[in-house]
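To start, the structure itself, in structure tokens.
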Amino acid sequence: MREGLSLDWSRCNRARVARDARFDGWFFTGVLTTRIYCRPTCPVKPAKSRNVVFFPTAAAAERAGFRPCLRCRPETAPGTPAWHGAAATVSRALRLIERGFLDDGKSVEALADTLGMTARHLRRLFCRHAGASPTAVATTRRVQRAKALVDETPMPMAAIAFAAGFASIRRFNAAFRAVYRRPPSAIRRARRRRETAGDGTRR
């Protein structure tokens, strides 16, 4: 399906209109009118085809200025942020990032050294195959972990920040707000209101 960033637009469009679960985690849909990105399986009525673009990773969508959908929750997509079919080196790097390699104070240079290449070449590969830098992918993954914990646990925000891999509460709050355009406490309050009301509010 993929080669570099050349996603097959027609195939992606058919998949998201059909809400084809086989493509969940393989690409993300950015809606130009709302600046929100979704999984192919999002339950909300599909946007018009002329208003969508596709991204290989959540980090690429966020880099382009889109924020995650609160209805389909991109952070829960299978395989996020690993990209099936990416170059072998990028796939290995993504697995290391997923396991927290860059959350332990290690640099992109250290990651590149582990993979036997220069940091410059690793960044070039990530831009080609993931649409974002290793640092951006790692930050997106931290925010995704945090979002899942905000939604699914009663943990205090400080505990969530460190459990998600952030070095400080300040960085956690700044990264979360940059992605969701609101603080994590607002996300939790909104979720509780929806649960209490039992409605189907999208965002």
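The values are calculated or read from the model by the stated rules, or taken from the named source; none is laboratory data. Nothing here was measured: the structure is a model prediction, and the numbers come from that model. Here Cβ is always computed from backbone atoms with ideal geometry, including for glycine, and neighbour counts include all displayed protein chains. In case anyone asks, the SASA skips ligands and DNA or RNA and just uses the protein heavy atoms, side chains included. Shrake-Rupley method; radii C 1.70, N 1.55, O 1.52, S 1.80 Å.
Things to note:
- Within the stretch 22-31, being part of a loop (DSSP other than H, G, I, E, B) and open to solvent by 60 Å² or more (accessible area, probe 1.4 Å) holds for one residue alone: W26.
- For the stretch 11-21, the set of residues classified as without any contact (Cβ under 8 Å) to a residue 24 or more places away in the chain and either open to solvent by less than 60 Å² (accessible area, probe 1.4 Å) or not in a helix (DSSP H, G or I) (or both) consists of D20 only.
- Close pairs from the stretch 186-201: first surrounded by 10 or more Cβ atoms within 10 Å (Cβ to Cβ) and in a helix (DSSP H, G or I), partner charged (D, E, K, R) and modelled with pLDDT under 85, Cβ under 9 Å, at least 6 apart: A190/R203; R193/D199
- Exactly one residue out of F126, F54 is part of a strand (DSSP E or B) and not acidic (D, E), and it is F54.
- Failed criterion for T89 (all others in (1) at pLDDT 90 or above; (2) buried (at least 16 other Cβ atoms within 10 Å of the Cβ) hold): (1)
- Residue within the stretch 138-147 that is open to solvent by less than 20 Å² (accessible area, probe 1.4 Å) and either at pLDDT below 90 or over 17 Å from A77 (Cα atoms) (or both) present: no
- Of residues in the stretch 32-59 being under 19 Å from the mean Cα position of the chain (by Cα) and without any contact (Cβ under 8 Å) to a residue 24 or more places away in the chain, the one surrounded by the fewest Cβ atoms within 10 Å (Cβ to Cβ): L32
- Subset of the stretch 92-123 (residues that are assigned to a helix (DSSP H, G or I), small (G, A, S) and either at pLDDT 95 or above or open to solvent by 30 Å² or more (accessible area, probe 1.4 Å) (or both)): A110, A112, A119
- Members of the stretch 124-137 found to be more than 26 Å from N173 (Cβ to Cβ), out of contact with any Ser or Thr (no Cβ under 7 Å at 6 or more places or on another chain) and open to solvent by less than 40 Å² (accessible area, probe 1.4 Å), listed by number: H129
- The combined condition, being closer than 21 Å to R181 by Cα, free of Cβ contacts under 8 Å to residues at least 60 places away in the same chain and either touching a strand residue (DSSP E or B) at 6+ places or on another chain (Cβ under 7 Å) or in a helix (DSSP H, G or I) (or both), is fulfilled by T135.
- Against the criterion of being touching a residue at least 12 places away in the same chain (Cβ under 8 Å) and either among the hydrophobic types (A, V, I, L, M, F, W, C) or not in a helix (DSSP H, G or I) (or both), T89 does not qualify.
- For the stretch 148-169, the criterion of a residue being within 21 Å of A61 (Cα to Cα), in contact with a strand residue (DSSP E or B) (Cβ under 8 Å, 6 or more places away or on another chain), in a loop (DSSP other than H, G, I, E, B) and open to solvent by less than 50 Å² (accessible area, probe 1.4 Å) is satisfied by no position.
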